[in-house]
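One structure below.
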Amino acid sequence: MLTLRGVGVTYGDRWVLRGLDLTLPPGERAAVLGPSGCGKTTLLRVAAGLLTPREGRADRSCRKLAYAFQEPRLVPWLSLEENLLLVLGETTTPAPVRDLAERFGLTPLLKQRARTLSGGQRQRAGLVRALSVRPDLLLLDEPFASLDRPTRDRLLKETADRIHREGTALLLVTHDPTEARTLAERILELPDLAAPASDLS
Ligand SMILES: Nc1ncnc2c1ncn2[C@@H]1O[C@H](COP(=O)(O)OP(=O)(O)OP(=O)(O)O)[C@@H](O)[C@H]1O
């Protein structure tokens, strides 16, 4: 369960989010759409507990939270497989994670250092890393943005099947309504507070 109540965030003297309420019960999937710069990533950071809002509060009660960042944060000098092992806390890759890597087309890249992966490969790696821990709350920030269309469509279906099957609660940030409809049952449109004049009163 994730609950945001009256969340407000400022950067400097500018409100990016204000008065935001969101309840995500276990297993429910919501997508956040909105123009570039309206605060979607900021919302995910608050949801993850990485950013303390200036107003309001964020509460989570989940067994395991995973967050696939917009810029996947892999350790550049470790191999892709070592990056996966790092979050799993294992010394060998378990069979289900090997299967996940295979489904996301990463098997041939497992021994490759993260810094040598392309943007799209890194993004797939970030998504596999997040899914590999079998989270009950998953935060995804534009997870398919760097992928070509056929790869995106295939992995979108793969991801949707997996989170539906496992009953994972999802908060997805995307610019793509198709992605939002495929992965989520609820869509939240964030307003751009910077568009009209906003102040700190
Ligand atoms: N650490 C920061 N310091 C100052 N301003 C920031 C910071 N992080 C984000 N911002 C600003 O806050 C606004 C919202 O940023 P955020 O990344 O949440 O938007 P977004 O909706 O996710 O954008 P996009 O769709 O382009 O990824 C932007 O105007 C951004 O420049």
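All of the numbers you see were taken from the coordinates with simple rules; none came from a lab. Because the structure is a prediction, the values reported are computed rather than measured. Methodologically, a virtual Cβ is constructed for each residue, glycine included, from the backbone with ideal geometry; neighbour enumeration extends over all protein chains shown.
Annotations for the structure displayed:
- Longest segment of the chain lacking trypsin sites (Lys or Arg not before Pro) that sit in a DSSP loop with at most 11 other Cβ atoms within 10 Å: 112-201
- Residue exposure proxy: I187, I163, ordered by other Cβ atoms within 10 angstrom of their Cβ from fewest to most, comes out as I187, I163.
- Helix content alone sets the calculated 222 nm mean residue ellipticity of the chain: runs of n ≥ 4 DSSP H residues at -39500 (n - 2.57) each, divided across all residues, give -10000 deg cm²/dmol.
- Only the Cβ atoms of Lys and Arg (+1) and of Asp and Glu (-1) were treated as charged; on that basis the dipole of the range 29-77 about its Cα centre amounts to roughly 180 debye.
- Bridges between two residues of the range 2-189, per DSSP, are antiparallel at a rate of about 45%.
- Set of lysines with alpha-carbon distance to K40 below 30 Å, sequence-local pairs under 8 removed: K64, K157
- Length gained when the stretch L88-S118 is fully extended (0.36 nm per residue, less Cα-Cα span): 8.5 nm
- Full-stretch length increase - T178, D13 - with 0.36 nm per residue and alpha-carbon distance subtracted: 55.9 nm
- Pairwise label distance in nanometres, L50 with E102, each label 7 Å out on the Cα-Cβ vector: 3.2
- When restricted to Cα atoms, the chain yields an Rg and a Dmax of 17.2, 55 Å, respectively.
- Cα gyration tensor shape for the range 122-167, rounded if a/c is under 1.5, else prolate or oblate: oblate
- Sorted by Cβ neighbour density within 10 Å, fewest at the top, the residues W15, W77: W77, W15
- Local electrostatic count, V173, Cβ distance below 11 Å [Lys/Arg +1, Asp/Glu -1]: -2
- The order of Y67, Y11, going from fewest to most other C-beta atoms within 10 Å of their C-beta, is Y11, Y67.
- Selected from L33, L188, L139 as most flexible by GNM, with the chain as the system and alpha-carbon contacts under 10 Å: L188
- GNM top mover of L172, L50, L190 - the chain, alpha-carbon springs below 10 Å: L50
- Estimated from the Cβ-Cβ distance and a Förster radius of 22 angstrom, the FRET efficiency linking A145 and E189 is about 0.75.
- Candidates L138, T92, G6 compared by Cα position along the dipole of the chain: farthest toward the positive end lies T92, with charges placed on Cβ.
- Total charge dipole magnitude, the chain, about the Cα centre, Cβ charges on Lys, Arg, Asp, Glu only, Debye to nearest 20: 400
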